[in-house]
1. Tell me, what ³J(HN,Hα) does each residue in the stretch 62-78 have, in order and in whole Hz, if you take phi through Karplus 6.51 cos²θ - 1.76 cosθ + 1.60 with θ = phi - 60° and put x for Gly and Pro?
2. For the stretch 6-88, with equal point scatterers placed on the C-alpha atoms only and solvent neglected, what are the log10 I(q)/I(0) values from the Debye formula at q = 0.10, 0.14, 0.27 1/Å, to two decimals?
3. What does the charge add up to near Thr49, with Lys and Arg as +1, Asp and Glu as -1, over the other residues with Cβ less than 14 Å from its Cβ?
4. What does the highest-first list of 15-27, 54-66 look like by mean Cβ count within 10 Å?
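Please treat every number below as a calculation from the coordinates, not as lab data. Owing to the predicted nature of the structure, the values given are computational and were not obtained by experimental measurement. A quick note on method: Cβ atoms are made from the backbone with ideal geometry, for glycine too, and the neighbour counts reach across all protein chains shown.
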Amino acid sequence: MASIDNNQALTLVKARLNRTSGDTSLDDMLTARIEAAIGELESTGIVLTDTTADLMLVVDYTVWQYQSRDKGTGMPDWLRLRRRERWLNR
């Protein structure tokens, strides 16, 4: 399992979604999405570490998944390229 702090990731995901830290109504769902994002990134061969860059990759990936869940659009180029660069630097 990755050494990403799920609580820290949750706080950052909520901030990116403009949700207050006291609003816990979506915490279970967002935490599950964070764990799923970590699993998806790791399944591509990325070994996540306890770095700010990896934490932000997980946060950005989670927020993108959450915000595009009903849109059917592809991953934005900036995120796709970041994921690819991280994979290349494993």
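1. Each residue's phi maps through the Karplus curve to give 5, 5, 4, 4, 5, 6, 10, 4, 10, 8, x, 8, x, 5, x, 4, 4 Hz.
2. -0.23, -0.45, -1.49
3. On the way: positive: Arg86, Arg90; negative: Asp5, Glu42, Asp50, Asp54.
Counting the neighbours of Thr49, the net charge comes to -2.
4. On the way: 15-27: 11.2, 54-66: 19.9.
In decreasing order of mean packing, 15-27, 54-66 become 54-66, 15-27.
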